[in-house]
1. Give the residues of region 92-120 that are among the β-branched types (Val, Ile, Thr) and either open to solvent by 30 Å² or more (accessible area, probe 1.4 Å) or in contact with a helix residue (DSSP H, G or I) (Cβ under 6 Å, 6 or more places away or on another chain) (or both), sorted by residue number.
2. Is it true that some residue in region 54-66 is at pLDDT 85 or above, open to solvent by 70 Å² or more (accessible area, probe 1.4 Å) and β-branched (Val, Ile, Thr)?
Amino acid sequence: MVKMTKSKTFQAYLPDCHRTYSCAHCRAHLANHDELISKASGGGQGKPLWCPAVSCLLPCRVNVGCGPAEERVLLTGLHAVADIYCENCKTTLGWKYEHAFESSQKYKEGKFIIELAHMIKDNGWE
(Lines give C-alpha, C1' and ligand atoms only; values in the text may rest on other atoms or scores of the structure.)
Protein backbone atom coordinates (compact mmCIF):
# COMPACT_ATOMS: atom_id res chain seq x y z
CA MET A 1 0.00 0.00 0.00
CA VAL A 2 1.29 3.47 -0.90
CA LYS A 3 1.08 6.18 1.74
CA MET A 4 0.36 9.68 0.42
CA THR A 5 1.76 12.61 2.36
CA LYS A 6 1.97 16.37 2.02
CA SER A 7 4.85 16.81 4.49
CA LYS A 8 7.40 15.42 2.02
CA THR A 9 8.59 16.85 -1.26
CA PHE A 10 7.58 13.93 -3.45
CA GLN A 11 4.24 12.37 -4.20
CA ALA A 12 4.23 8.97 -2.50
CA TYR A 13 6.13 6.90 0.04
CA LEU A 14 6.30 3.14 0.27
CA PRO A 15 5.66 1.66 3.76
CA ASP A 16 8.62 1.80 6.16
CA CYS A 17 8.37 -1.95 6.74
CA HIS A 18 9.60 -2.74 3.21
CA ARG A 19 13.09 -2.54 1.74
CA THR A 20 12.84 0.01 -1.02
CA TYR A 21 14.84 1.47 -3.88
CA SER A 22 14.94 5.27 -4.11
CA CYS A 23 16.16 7.83 -6.62
CA ALA A 24 19.89 8.39 -6.01
CA HIS A 25 19.49 12.08 -6.83
CA CYS A 26 16.54 13.12 -4.59
CA ARG A 27 15.70 10.00 -2.48
CA ALA A 28 12.13 9.70 -3.82
CA HIS A 29 10.85 6.14 -3.39
CA LEU A 30 10.71 4.19 -6.65
CA ALA A 31 10.35 0.46 -6.02
CA ASN A 32 9.64 -2.16 -3.38
CA HIS A 33 12.35 -4.85 -3.22
CA ASP A 34 9.65 -7.53 -2.88
CA GLU A 35 8.56 -6.73 -6.46
CA LEU A 36 12.02 -7.32 -7.93
CA ILE A 37 12.08 -9.74 -10.86
CA SER A 38 15.74 -9.74 -11.87
CA LYS A 39 18.96 -7.77 -11.57
CA ALA A 40 20.81 -9.78 -14.22
CA SER A 41 20.14 -7.82 -17.43
CA GLY A 42 22.59 -5.34 -18.93
CA GLY A 43 21.53 -1.72 -19.19
CA GLY A 44 22.74 1.49 -20.72
CA GLN A 45 24.81 2.63 -17.72
CA GLY A 46 25.17 -0.57 -15.72
CA LYS A 47 23.02 -3.33 -14.29
CA PRO A 48 19.29 -2.47 -14.19
CA LEU A 49 16.48 -3.41 -11.86
CA TRP A 50 13.44 -5.21 -13.32
CA CYS A 51 10.08 -4.41 -11.74
CA PRO A 52 6.51 -5.00 -12.84
CA ALA A 53 4.72 -1.90 -14.07
CA VAL A 54 1.22 -3.24 -14.51
CA SER A 55 -0.66 -0.45 -12.72
CA CYS A 56 -0.18 2.54 -10.45
CA LEU A 57 -1.22 0.39 -7.50
CA LEU A 58 1.99 -1.61 -7.51
CA PRO A 59 4.62 -0.22 -5.13
CA CYS A 60 7.33 -0.02 -7.76
CA ARG A 61 5.42 2.56 -9.78
CA VAL A 62 5.55 5.39 -7.25
CA ASN A 63 7.16 8.68 -8.26
CA VAL A 64 7.97 7.40 -11.77
CA GLY A 65 6.85 9.16 -14.97
CA CYS A 66 6.93 7.78 -18.50
CA GLY A 67 7.76 9.54 -21.75
CA PRO A 68 6.59 8.68 -25.29
CA ALA A 69 7.42 5.27 -26.77
CA GLU A 70 9.94 4.87 -29.58
CA GLU A 71 11.54 1.93 -31.34
CA ARG A 72 15.11 1.07 -30.29
CA VAL A 73 17.47 -1.75 -31.13
CA LEU A 74 18.74 -3.11 -27.80
CA LEU A 75 21.05 -6.05 -27.05
CA THR A 76 18.06 -8.42 -27.22
CA GLY A 77 16.57 -7.04 -30.43
CA LEU A 78 14.05 -4.44 -31.54
CA HIS A 79 11.73 -3.07 -28.84
CA ALA A 80 9.31 -0.17 -28.44
CA VAL A 81 10.47 1.52 -25.23
CA ALA A 82 9.70 4.72 -23.34
CA ASP A 83 12.14 6.56 -21.09
CA ILE A 84 11.11 6.69 -17.43
CA TYR A 85 12.03 9.50 -15.07
CA CYS A 86 11.76 10.48 -11.42
CA GLU A 87 8.62 12.59 -10.95
CA ASN A 88 10.37 14.58 -8.23
CA CYS A 89 13.72 15.60 -9.76
CA LYS A 90 13.01 14.68 -13.43
CA THR A 91 16.19 12.55 -13.74
CA THR A 92 15.96 9.86 -16.43
CA LEU A 93 16.10 6.53 -14.58
CA GLY A 94 15.85 3.97 -17.37
CA TRP A 95 13.09 2.79 -19.68
CA LYS A 96 9.83 0.85 -19.91
CA TYR A 97 9.29 -1.96 -22.42
CA GLU A 98 6.09 -1.12 -24.28
CA HIS A 99 6.39 -3.77 -27.03
CA ALA A 100 8.82 -6.56 -27.92
CA PHE A 101 8.95 -7.55 -31.58
CA GLU A 102 10.53 -10.98 -30.97
CA SER A 103 8.37 -13.66 -29.33
CA SER A 104 11.18 -14.71 -26.97
CA GLN A 105 11.22 -11.18 -25.50
CA LYS A 106 7.46 -10.75 -24.94
CA TYR A 107 7.87 -11.35 -21.18
CA LYS A 108 9.48 -7.88 -20.93
CA GLU A 109 6.38 -6.03 -22.10
CA GLY A 110 4.91 -3.79 -19.40
CA LYS A 111 8.06 -3.99 -17.29
CA PHE A 112 10.66 -1.35 -16.71
CA ILE A 113 14.37 -1.00 -16.12
CA ILE A 114 15.80 1.28 -13.46
CA GLU A 115 19.54 1.58 -13.89
CA LEU A 116 21.47 0.94 -10.68
CA ALA A 117 23.47 4.14 -11.17
CA HIS A 118 20.26 6.10 -10.49
CA MET A 119 19.00 4.35 -7.36
CA ILE A 120 19.92 3.65 -3.77
CA LYS A 121 18.67 1.18 -1.15
CA ASP A 122 16.43 2.49 1.67
CA ASN A 123 14.51 1.10 4.68
CA GLY A 124 15.77 -2.01 6.44
CA TRP A 125 18.74 -3.12 4.31
CA GLU A 126 21.45 -4.85 6.40
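The values are calculated or read from the model by the stated rules, or taken from the named source; none is laboratory data. Being a predicted model, the structure only gives us computed values, none of them experimental. Every residue, glycine among them, receives a Cβ derived from its backbone with ideal geometry; neighbour counts consider all protein chains shown. For accessibility, only protein heavy atoms count, side chains too; no ligands or nucleic acids. Shrake-Rupley method; radii C 1.70, N 1.55, O 1.52, S 1.80 Å.
1. Kept after step one, since they are among the β-branched types (Val, Ile, Thr), are these residues of region 92-120: 92, 113-114, 120.
Selection gives 92, 120.
2. For region 54-66, residues at pLDDT 85 or above, open to solvent by 70 Å² or more (accessible area, probe 1.4 Å) and β-branched (Val, Ile, Thr): absent.
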